[in-house]
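The values are calculated or read from the model by the stated rules, or taken from the named source; none is laboratory data. As the structure is a computational prediction, the values presented were derived from the model and not from experiment. So basically every Cβ, Gly included, is an ideal-geometry build from the backbone, and we count neighbours across all protein chains shown.
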């Protein structure tokens with residue numbers, strides 16, 4: 001059972017953080033094992049990405065995550081979204097999915113990412129991101145989709161750094177960021193591709209709280225999710241949708257168009273070439289080790 | 001004359017705050033006496049809600065307030081909106097107006113509230129809220145409609161706490177809040193039904209200034225209203241409408257639809273039942289005293 | 001050559017700030033000489049308004065500035081927008097262009113200003129405003145169009161103070177301000193016609209950085225423009241347009257309507273009369289000197 005150590009780790013973390021007896025845990029792991037879900041006796045679920053080395057979002061992880069969130073939001077009262085890895089929350093989209101892709105696979109990849117965003121951004125139970133490590137690009141997006149963000153300081157970073165790789169954040173990444181940190185900070189951050197340290201992230205509202213370590217991060221996120229779960233759920237979720245529906249609608253009414261735009265954009269030589277160089281550099285680096 | 005002591009109080013407050021001679025006061029009190037208006041010799045009017053114990057907004061108070069604001073904005077140069085009560089600015093909507101209501105009365109109630117919001121949010125003279133006490137729900141809405149907010153610290157609270165009672169703030173409450181504190185803070189505050197203390201309210205921009213007591217609150221609000229009243233009035237009001245017209249339009253073009261939505265929403269058993277329990281609890285509490 | 005001393009000044013400033021050898025400067029000055037452009041060997045251009053006494057934006061300066069920005073954005077990698085004057089960045093629109101105007105000239109004036117805004121707000125190379133002095137009204141607009149703003153403290157001021165003169169900021173001035181400092185701060189600032197000192201401007205996000213003197217201001221602005229110029233340019237500019245296109249569209253799709261609205265608005269006796277009095281006062285003041 002390859003997942004056992006990890007499950008134990010999660011169990012321990014959650015035991016410490018949530019002060020619940022492990023006997024009452026309901027643990028479920030989807031087949032592929034990239035995402036684990038642990039629900040405590042108060043009904044709060046911890047959904048952990050566990051795809052080493054950096055939780056890169058390939059089609060598989062994206063679909064498992066969407067499925068885990070959809071299932072959990074029907075059974076649990078709230079979700080703490082986190083990572084089982086020691087220093088990475090989520091490194092963003094898996095570049096190999098976008099490099100010299102088959103058209104059909106590329107479209108499935110992008111459509112799956114759209115579905116994950118829709119599922120998480122409109123989730124009917126409260127969600128909190130326990131950002132226990134680095135969270136660039138798509139990792140930042142996942143965090144921003146949650147109702148609350150707690151981050152471990154001071155060494156990790158978070159942000160939509162797409163421009164640094166020559167890529168443009170899709171409009172719904174941008175909208176999610178504007179809804180989180182406002183127009184001006186988004187504009188500058190997107191142009192520079194800024195990766196914020198936790199202190200900076202807190203000052204512009206990219207995260208809501210900065211803590212010292214993983215345990216505190218899980219505990220603080222658990223606390224706010226628990227608090228949100230005690231608000232009458234219908235009123236709470238209708239209020240959330242009152243805020244987010246227009247942003248959701250702008251993608252849900254244009255999913256196919258957005259897929260086609262992305263597929264065309266990403267396959268341009270001007271985008272593919274630096275991506276190839278970047279992948280070569282990664283390979284060279286890993287061979288040296 | 002039941003209002004006399006209160007009028008004296010207001011007179012004194014305003015004398016202290018505004019340093020005008022009482023001889024020049026023009027005092028007018030609408031028939032029902034829930035709202036008083038005192039205009040000083042500089043043309044700044046203090047409009048005070050005075051319906052004990054908590055200035056709950058029933059149809060009567062709502063209509064008197066709308067009328068007072070409409071009349072005053074034609075005769076005065078600016079309005080300080082406040083409360084004659086010692087520790088409450090305004091406690092929000094009167095729940096008995098919404099519990100087991102007659103359909104016709106309910107529709108008048110909601111239409112009157114719409115009119116009050118429209119009148120105050122678009123008021124052609126400068127408006128300042130002197131928040132001398134608690135200001136939850138509808139009280140927070142009234143404050144947010146003004147051009148400036150001063151609040152007495154540190155013990156009172158302000159916020160749209162509807163979700164805590166299982167209710168959802170109407171979209172125009174939400175819009176007014178977004179225009180005041182931005183998208184992200186509104187989202188979290190609406191989901192949690194947060195009541196902010198003055199320090200928190202100041203830090204997120206829900207109020208513009210926090211002072212130590214009632215006199216300072218009235219004086220500080222008076223000062224900014226006076227300053228605004230010296231700006232060329234046409235330019236000042238056109239600028240205000242440039243900012244607020246789209247928000248106003250979203251309700252004015254949908255008033256009847258909004259009334260019907262509200263009436264249907266509020267009469268659901270899932271909403272009526274907790275309301276009934278809440279009212280029972282209030283009765284039991286008041287009998288014990 | 002009247003411009004010589006000024007060119008030398010600019011050269012010196014840029015030499016100090018940018019640490020480039022003057023030998024590599026490419027200096028070009030448009031015919032009329034109200035705007036100078038100095039591009040260093042890194043490809044960063046300093047575009048300086050130089051129309052004493054206060055860089056008031058008449059049709060001539062507006063058109064020269066638009067032309068300088070358009071040309072420079074095709075040849076340089078980034079633009080530092082500043083002023084050659086000792087204590088004024090730009091004093092805003094030239095009032096004599098709007099007082100008792102010929103209809104045709106007035107329309108050209110306003111259309112030219114629209115074009116300047118469109119050019120600068122959508123500029124394809126990074127732009128930074130080095131606000132070395134006062135920056136009211138139209139000066140504030142120019143600064144807000146840039147990607148970053150550095151201001152010299154503590155004695156200068158910046159803001160859209162139109163209401164103080166009985167004028168209303170056009171909707172696209174307002175939109176630019178909302179995109180910079182948000183809805184609430186814009187609302188209050190427009191109503192009051194607030195001129196912020198640098199510290200206030202920094203606290204609300206009107207400027208991004210405050211420094212002690214002109215040299216530091218040019219250096220700090222140069223630094224961020226240089227940083228932005230190193231981001232892949234296509235991705236950086238597409239990201240910028242993702243943020244700004246809707247705001248740009250609202251004017252570009254209504255240019256003629258906006259010209260007509262402005263021409264009608266500004267020629268009202270209620271607007272012309274105070275403008276005439278203001279100009280008389282200026283004349284009297286300058287005679288006394």
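Quick notes
- One residue from B:253, B:226 being within 30 Å of residue B:80 (Cα to Cα) and loosely packed, with under 15 Cβ neighbours inside 10 Å: B:253
- Within the stretch C:271-289, the residues that satisfy the criterion of being loosely packed, with under 11 Cβ neighbours inside 10 Å and part of a helix (DSSP H, G or I) are C:277, C:280, C:281, C:283, C:284, C:285, C:286, C:287, C:288.
- Consider the stretch C:246-270 and keep the residues that are in contact (Cβ under 8 Å) with a residue 24 or more places away in the chain and within 14 Å of chain A (Cβ to nearest Cβ). The one that is nearest to residue C:178 (Cα to Cα) is C:247.
- Restricting attention to the stretch C:39-66, the residues that are touching a strand residue (DSSP E or B) at 6+ places or on another chain (Cβ under 8 Å) and in a helix (DSSP H, G or I) total 3.
- If you filter the stretch B:196-212 down to residues that are in contact with a strand residue (DSSP E or B) (Cβ under 8 Å, 6 or more places away or on another chain) and not in a helix (DSSP H, G or I), you find that the one that is nearest to the other protein chains (Cβ to nearest Cβ) is B:208.
- Residues in the stretch B:152-195 that are under 16 Å from the mean Cα position of the chain (by Cα) and away from chain A (no Cβ under 14 Å) were compared, and the one that is surrounded by the most Cβ atoms within 10 Å (Cβ to Cβ) is B:158.
- Each residue in the stretch B:74-87 was checked for being in contact with a helix residue (DSSP H, G or I) (Cβ under 9 Å, 6 or more places away or on another chain) and surrounded by fewer than 21 Cβ atoms within 10 Å (Cβ to Cβ), and 2 pass.
- Residue within the stretch A:213-224 that is touching a residue at least 12 places away in the same chain (Cβ under 8 Å) and within 14 Å of chain C (Cβ to nearest Cβ) present: no
Quick grid of which residues meet (1) in contact with a helix residue (DSSP H, G or I) (Cβ under 7 Å, 6 or more places away or on another chain); (2) closer than 26 Å to residue B:271 by Cα; (3) surrounded by fewer than 21 Cβ atoms within 10 Å (Cβ to Cβ):
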position: B:113; (1), (2), (3): yes, yes, no
position: B:118; (1), (2), (3): yes, no, yes
position: B:121; (1), (2), (3): yes, no, no
position: B:130; (1), (2), (3): yes, no, no
position: B:139; (1), (2), (3): no, yes, no
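- Only one of the numbered conditions (1) within 24 Å of residue A:163 (Cα to Cα); (2) surrounded by fewer than 18 Cβ atoms within 10 Å (Cβ to Cβ); (3) modelled with pLDDT of 95 or more; (4) more than 8 Å from chain A (Cβ to nearest Cβ) is violated by residue C:233, and that is (3).
- Cβ-Cβ under 8 Å pairs, at least 6 apart or on other chains, the stretch B:30-48 side modelled with pLDDT under 95, far side in a loop (DSSP other than H, G, I, E, B): B:33/B:2; B:33/B:3; B:33/B:50
- Selection status of residue A:240, in a helix (DSSP H, G or I) and modelled with pLDDT under 95: no
- Selection from the stretch B:243-278 of residues that are under 22 Å from the mean Cα position of the chain (by Cα) and closer than 25 Å to residue C:172 by Cβ: B:243, B:244, B:245, B:246, B:247, B:248, B:249, B:250, B:252
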